[in-house]
Amino acid sequence: MKFSRGALYMMTAAFFFSVMAAFVKLGGHRLPSQEIVLFRSIIVFIITAVMIKKLHLPLWGNNKKLLLLRGFTGFWGLSAFYFTLTHIPIADSTTIQYTSPLFTAFLAGFILKERSTAVQWAFFLLAFAGIVFIVRPGYSIYTFPALLGLGGAFFSGLAYNLVRKLRQTDHPLNIILYLPAVSIVLSIPMVIHNFTIPVGMEWLVLLAIGITTQIAQIFLTKSLHFETAAKATNVSYISIIFATMFGLIFWGEIPDWRTGIGALLVIIAVIQIAREKEVAREKKD
């Protein structure tokens with residue numbers, strides 16, 4: 001099977017996002033999740049700013065309003081994801097986060113004018129059924145973190161569409177920069193009154209989160225420059241496999257049958273939505 005360049009970029013991003021998630025869960029044993037967001041953002045901002053300077057690009061890009069909105073939506077998606085990683089099993093939190101392609105496809109109709117057909121709407125409903133299996137409202141102590149994670153997936157889907165829209169005006173590094181920049185500004189007031197100073201190996205864990213995030217963000221942004229929003233993010237589902245492996249090996253976490261069924265329904269639905277969109281796009285061209 002031959003994968004497109006965009007698909008290969010997304011698979012690489014998925015792997016590094018999974019490694020990052022494992023480090024977040026490790027660091028979240030003692031550190032508050034929002035504090036991890038802050039440290040991650042500082043590291044990523046520094047690395048990205050240096051890369052932008054070396055390429056002699058304008059630091060703050062061109063479409064500043066849309067870039068700020070991308071940073072704002074990405075911040076809420078990131079914060080919710082990190083919260084779920086530190087409160088529920090890594091496979092569950094990753095599966096919930098990866099409902100974002102569903103929201104990506106759904107919101108593309110409003111942001112990118114990629115219209116949805118009746119068949120696509122049917123698959124949206126199928127994906128919703130899968131989400132119910134995963135979240136299990138009212139039947140689990142994980143319900144609140146799961147619902148919060150679902151809200152974060154919505155904001156991530158919104159951010160993915162904004163990244164695609166920004167590819168027409170801005171360099172990938174400028175798009176990446178705004179997420180940590182906005183996250184730093186919004187995170188400081190949220191952690192200042194309950195700040196926990198990292199100790200020992202926690203500093204290395206935080207550094208690893210920043211580095212793996214930077215690598216993943218670069219490949220994610222590149223992927224969304226080559227593929228449609230729905231098609232590119234489909235490949236990211238391989239991250240669920242990585243997360244399940246990490247959870248099993250390092251924390252002894254075994255996903256239950258509800259998570260498995262829910263994940264399967266969501267994956268089937270979003271892949272079919274992407275195929276429908278590709279067919280519609282080819283007919284239009």
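Please go through segment 35-63 and give me each residue that is of a type outside the set (A, V, I, L, M), in contact (Cβ under 8 Å) with a residue 24 or more places away in the chain and surrounded by fewer than 19 Cβ atoms within 10 Å (Cβ to Cβ), ordered by number. Break it down stepwise before answering.
Our first condition is that a residue be of a type outside the set (A, V, I, L, M); within segment 35-63, this holds for 35, 39-41, 45, 48, 53-54, 56, 58, 60-63.
Narrowing the set further to residues that are in contact (Cβ under 8 Å) with a residue 24 or more places away in the chain leaves 35, 39-41, 45, 48, 58, 60-63.
Result: Pro58, Trp60, Asn62, Asn63.
Would you point out the residue of segment 157-172, among those that are part of a helix (DSSP H, G or I) and modelled with pLDDT of 90 or more, that is nearest to the chain's Cα centre (by Cα)?
Residues of segment 157-172 that are part of a helix (DSSP H, G or I), as a first pass: 157-166, 172.
Still in the running and modelled with pLDDT of 90 or more: 158-159, 162, 166.
Numbers: Leu158: 10, Ala159: 9, Leu162: 13, Leu166: 17 Å.
Out of the qualifying residues, it is Ala159.
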Note to self: Could you go through segment 68-83 and let me know if any residue there is out of contact with any helix residue (DSSP H, G or I) (no Cβ under 6 Å at 6 or more places or on another chain), more than 18 Å from Val185 (Cβ to Cβ) and of a type outside the set (Phe, Trp, Tyr).
What the structure shows: no
Residues of segment 96-124 being within 24 Å of Pro145 (Cα to Cα), of a type outside the set (S, T, N, Q) and in contact (Cβ under 8 Å) with a residue 60 or more places away in the chain, in sequence order, are Tyr98, Pro101, Leu102, Ala105, Phe124
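Surrounded by fewer than 22 Cβ atoms within 10 Å (Cβ to Cβ) and either more than 13 Å from Phe45 (Cα to Cα) or aliphatic (A, V, I, L, M) (or both): which single residue out of Leu179, Leu186 fits that description?
Details: Leu179 fails: surrounded by fewer than 22 Cβ atoms within 10 Å (Cβ to Cβ).
Only one candidate passes the filter, namely Leu186.
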Within segment 127-137, can one find any residue that is part of a helix (DSSP H, G or I), under 27 Å from Ile240 (Cβ atoms) and among the charged types (D, E, K, R)? no
Q) Do the conditions hold for Gly61, that is, is it closer than 25 Å to Lys165 by Cβ and either at pLDDT below 95 or over 21 Å from the mean Cα position of the chain (by Cα) (or both)? A) yes
Taking segment 64-103 and the residues there that are outside any helix (DSSP H, G or I) and among the hydroxyl-bearing types (Ser, Thr, Tyr), the one that is surrounded by the most Cβ atoms within 10 Å (Cβ to Cβ) would be Thr99
Scanning segment 104-119 for residues that are of a type in the set (Ser, Thr, Tyr) and surrounded by fewer than 23 Cβ atoms within 10 Å (Cβ to Cβ), the one modelled with the lowest pLDDT turns out to be Ser116
Looking across segment 184-222 at residues that are within 23 Å of the chain's Cα centre (by Cα) and of a type in the set (S, T, N, Q), the single one that is farthest from Lys25 (Cα to Cα) is Thr221
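Here's the yes/no breakdown for (1) at pLDDT 70 or above; (2) among the aromatic types (Phe, Trp, Tyr); (3) more than 21 Å from Tyr160 (Cβ to Cβ):
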| position | (1), (2), (3) |
| --- | --- |
| Ser223 | yes, no, no |
| Val235 | no, no, no |
| Ser239 | yes, no, no |
| Phe246 | yes, yes, yes |
| Phe250 | yes, yes, yes |
| Ile261 | yes, no, yes |
| Ala280 | no, no, no |
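The values are calculated or read from the model by the stated rules, or taken from the named source; none is laboratory data. Just so it is clear, the structure is predicted and the values come from calculations on it, not from any experiment. FYI the Cβ positions are ideal-geometry reconstructions off the backbone, even for glycines, and counts take in every protein chain you see.
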